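Before we start, here is the structure in question, set down as structure tokens.
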Amino acid sequence: MVNTILVNPAKVTITPPATTVDMIDQSLYFVDKDNKRKLLIHILQDKSIRSALVFTRTKHGADNVVKELIKAKITTQAIHGNKSQNARQMALNSFKNGQIRVLVATDIAARGIDIEELSCVVNFDLPEVPETYVHRIGRTARAGAEGLVVTVVPPDQRKDVRSMTRAAGITPSVTEAVHSAH
């Protein structure tokens, strides 16, 4: 039926939404909940990370991460839905012009943000859906640059990681397993 209706049809194929940039080095850290913030601080103290966008699942979580990073003398601010548009824009501008090294965001607040030369994305909390993971990591390694993505996961979320990475078609390297001594 299609052949009787169409004359010289053109087929257009697009890349599926769950693809990642080859220039991104993805690492996965399994760490218990009590040590997640300590690991995040340790990662962000690496001076080779010029700028980092840290994703949390909740607004409250974003604010708590900012408090811990400030205590560790890491310049940071949060953007999320409880902040006014003016406050979000000021935080974003501070991040873009280098006044702060780390921006902590929820997925909703991070939609539509374009940050050039973002060296690192940290998934402090796993996203709810694999497509969100791909969206998050796509913030780094733009215009041919290399990027680093670090995902911090409690061991009880191993199953979630497997389903996310399988659905997103990615294979991050497991670089370290950290557990507290009980």
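Give the residues of the stretch 39-81 that are of a type outside the set (S, T, N, Q) and touching a Phe, Trp or Tyr at 6+ places or on another chain (Cβ under 9 Å), sorted by residue number.
39, 40, 43, 53, 54, 55, 57, 61, 62, 65, 79
Can you give me the number of residues within the stretch 51-92 that are farther than 21 Å from residue 132 by Cα, of a type outside the set (A, V, I, L, M) and either open to solvent by less than 70 Å² (accessible area, probe 1.4 Å) or in contact (Cβ under 8 Å) with a residue 12 or more places away in the chain (or both)?
So the count comes out to 7.
Run down 75, 15 and say which single residue is modelled with pLDDT of 90 or more, among the β-branched types (Val, Ile, Thr) and more than 25 Å from residue 155 (Cβ to Cβ).
Within the list 75, 15, the selection yields 75.
I've got another one for you. Against the condition touching a Gly at 6+ places or on another chain (Cβ under 7 Å) and not basic (Lys, Arg), how does residue 115 come out, does it pass?
Here the answer is no, as residue 115 does not meet what is asked.
The values are calculated or read from the model by the stated rules, or taken from the named source; none is laboratory data. From a predicted model like this one, the values you see are computed outputs, not experimental measurements. As a convention, Cβ positions derive from the backbone with ideal geometry for all residues, glycine included, and neighbour counts pool all protein chains shown. Accessible surface areas use protein heavy atoms only, side chains included; no ligands, DNA or RNA. Shrake-Rupley method; radii C 1.70, N 1.55, O 1.52, S 1.80 Å.
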